[in-house]
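Read the structure below first, then the notes.
The values are calculated or read from the model by the stated rules, or taken from the named source; none is laboratory data. Everything quoted here is computed from the prediction, not taken from an experiment. Here the Cβ is made from the backbone with ideal geometry for all residues, glycine too, and neighbour counts use every protein chain on show. Note: areas computed on protein heavy atoms with side chains; ligands, DNA, RNA excluded. Shrake-Rupley method; radii C 1.70, N 1.55, O 1.52, S 1.80 Å.
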Amino acid sequence: MASTNNNNYYIESDRDSGAGGPGIPAWFAGRHVLVTGATGFMGKVLVEKLLRSCGDLERLYIVVRQKKGRAVQERVDDMRKLPLFEPLLKRNPKALEKLHALEGDTTQVAMGLREEDQRLVQENVSVVFHLAAGLDWRASLHRATTENVVGTKNVLDFCKGMKKLEVLEYTSTAFCQCGEEVVEERVYEPPFDPHRLMALCDMFDERTMESIAPMMYGKHPNCYTYTKAVAEALAAEYADDIPMLIVRPSIVVPTLRDPIPGWVDTLNGPMGVMAAAGKGVLRSMMCRAENLAEVFPADICINAIIAATYKRALQPRDQREVIVYNACAGDLEETTWGEVLALGRKMVGVYPLEWTVWFPDGSIRTNYWEHMLIVFLFQTIPAYVIDFLLMLIGQERFMVRVQAKIKSGHDLLMFFTMRQWKFNNRNGRDTLWPTLNAKDRETFFMNNVLPVDKEKYLERAIFGTRTYCLKESPGTIKYCRRRLRVQQVVHNLCVALFYMGLVYAALQMASPYLLQLLPATLRERTVLMAATYSS
């Protein structure tokens, strides 16, 4: 990955390099660390980074629940096999021996841990990273409250009993303050009292809560941003008892360089849109090309989380102010959605996806009705045609379901892509960064990787999505490129025929009116010629 270590981005001087503290790896040495949400995208990157760059920590506990009939150990074994951990295991085959999985669930009291595990954690852990959250924007308010508000309360209550706790980091989202023109790095008043919201969920069932949800959301587009805003306020209530900080990532995208450039294992967000467009099933999206794409590579985000946690631990334990970091690009690296689209089209040609149903040629639009027309003509109708053909040959139908999911995801994402977001990120850029020593700045890079080679980054991000998310072999790339060229010829021919058909239909409909505009003699000759031709 081409990047430049430009001194203009270091914001450093001789007097501040290494200011305060022993350095991040040295501080973590010998400590017991707890991570919730470790099986998620960001959680995996955090676990890998801690084990690789803070390898002298004593033990890393992760809270894992059973999911879809899979036992905890199965899920952890699957995580160990990920390509993300290959560089770590090549350097230190025993690195994962420090990883200790605890069966639990943050939505339960005491995180659902067994009594012996509760004692183990509360007697030894001194650092907690709380990343567990319900990320489904389409979930019910009842479920989102249980996962994001009740879950956070359970973690905080449990951590109050930790004898050695020095710092708790809570990961929120930069989009939790949807009504603000500029999101500052501070705790805001919640859109609803956290305790009343949890009480309502205890009183009413999921259906009842869903009926009142639209009235409660206000400026929030969905349950995710709403409950994360409420959970932030709840976390701030514990500042008297727990030394904590809040980190708000923006849209997290594939890794920039560490440990594998372009690594990602989720299709949430922009990479899901890229995959749908690359498969040819997404033809239109509501988005303003001139708006800045507020995206943040996962490895830089995790570096910010670790560094901010370290800094908070060096501050007085009884400091009651909750420090907030907006983990986002801000004005350090500005990229518009239009740039992302242009580069994405180019890179999809370099790394075309397998089993594309049509040549990928989607576009972004700002007119809703134009967007809906394109969706109807080039997404909805083809989906029904494909499912009908699949039914005729006895295969399982899926395209209509896929289009329904795309529409649902698009309708939620539209709120974010049609607005210009502004985030203040001075705490990380100007306050946190100068306090790190030179070695930590290299290991936990944040400011010193700018400017980024955007084309190279997006190329690796799309390759990573293709390889790690969609599980498509690099060996099929050449074949996919040849097929894509054929699809492009067919696509262009179909587009030409489509517009020719529209012009012909328009002329047929307008021909009686056009004849009236001709002189009488010429009109009679034209009618006579048409009659002779038709006979």
Is it the case that some residue within region 177-196 is open to solvent by 40 Å² or more (accessible area, probe 1.4 Å), of a type outside the set (F, W, Y), farther than 30 Å from D331 by Cα and part of a helix (DSSP H, G or I)?
-> yes
Just one listed residue, out of W355, W369, is in contact (Cβ under 8 Å) with a residue 60 or more places away in the chain, of a type in the set (F, W, Y) and surrounded by fewer than 20 Cβ atoms within 10 Å (Cβ to Cβ), and it is W355
Just for region 64-78: of the residues that are under 25 Å from the mean Cα position of the chain (by Cα) and in a loop (DSSP other than H, G, I, E, B), which one is surrounded by the fewest Cβ atoms within 10 Å (Cβ to Cβ)?
-> K68
Quickly run through region 260-278 and pick out the residues that are under 12 Å from L458 (Cα atoms) and open to solvent by less than 20 Å² (accessible area, probe 1.4 Å).
-> G262, W263, M271
Could you give me the residue pairs with C-beta distances under 8 Å whose first residue belongs to region 318-333 and is of a type in the set (F, W, Y), whose second residue is open to solvent by less than 40 Å² (accessible area, probe 1.4 Å) and part of a loop (DSSP other than H, G, I, E, B) wherever it lies, and which are 6+ apart or on separate chains?
-> Y325/E185; Y325/N425
Please list, ordered by first then second residue, the pairs with beta carbon atoms under 9 Å, 6 or more apart or interchain, first in region 494-508 and touching a residue at least 12 places away in the same chain (Cβ under 8 Å), second part of a helix (DSSP H, G or I) and open to solvent by less than 100 Å² (accessible area, probe 1.4 Å).
-> none
Restricting the search to region 487-496, which residues are open to solvent by 40 Å² or more (accessible area, probe 1.4 Å) and under 16 Å from G278 (Cβ atoms)?
-> Q488
Enumeration of residues in region 309-343 that are under 30 Å from G278 (Cβ atoms), open to solvent by 30 Å² or more (accessible area, probe 1.4 Å) and either assigned to a loop (DSSP other than H, G, I, E, B) or in contact with a His (Cβ under 9 Å, 6 or more places away or on another chain) (or both) = L332, E333, E334
Take L165 and decide whether it is buried (at least 18 other Cβ atoms within 10 Å of the Cβ), among the aliphatic types (A, V, I, L, M) and assigned to a loop (DSSP other than H, G, I, E, B).
-> yes
Please indicate, with yes or no, whether at least one residue in region 420-435 is closer than 30 Å to A383 by Cβ, touching a residue at least 12 places away in the same chain (Cβ under 8 Å) and touching a Cys at 6+ places or on another chain (Cβ under 6 Å).
-> no
Scanning region 208-238 residue by residue, those among the β-branched types (V, I, T) and farther than 18 Å from V183 by Cα turn out to be T208, I212
Restricting attention to region 294-303, does a residue exist that is among the charged types (D, E, K, R), open to solvent by less than 20 Å² (accessible area, probe 1.4 Å), part of a helix (DSSP H, G or I) and modelled with pLDDT of 90 or more?
-> yes
Candidate set: region 414-428, residues that are under 16 Å from the mean Cα position of the chain (by Cα) and open to solvent by 30 Å² or more (accessible area, probe 1.4 Å); chosen: the one nearest to W337 (Cα to Cα) = M414
Answer with yes or no whether V350 is open to solvent by less than 50 Å² (accessible area, probe 1.4 Å), aliphatic (A, V, I, L, M) and at pLDDT 85 or above.
-> yes
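Condition check ((1) buried (at least 24 other Cβ atoms within 10 Å of the Cβ); (2) farther than 30 Å from P87 by Cα) across all residues:
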| position | (1), (2) |
| --- | --- |
| R207 | no, yes |
| D241 | no, yes |
| M244 | no, yes |
| I251 | no, no |
| D258 | yes, no |
Evaluate the following for T309: is it within 28 Å of E48 (Cβ to Cβ), polar (S, T, N, Q), at pLDDT 90 or above and touching a Pro at 6+ places or on another chain (Cβ under 8 Å)?
-> no
Among the residues of region 34-63, count how many are assigned to a strand (DSSP E or B), open to solvent by 10 Å² or more (accessible area, probe 1.4 Å) and of a type outside the set (K, R).
-> 1
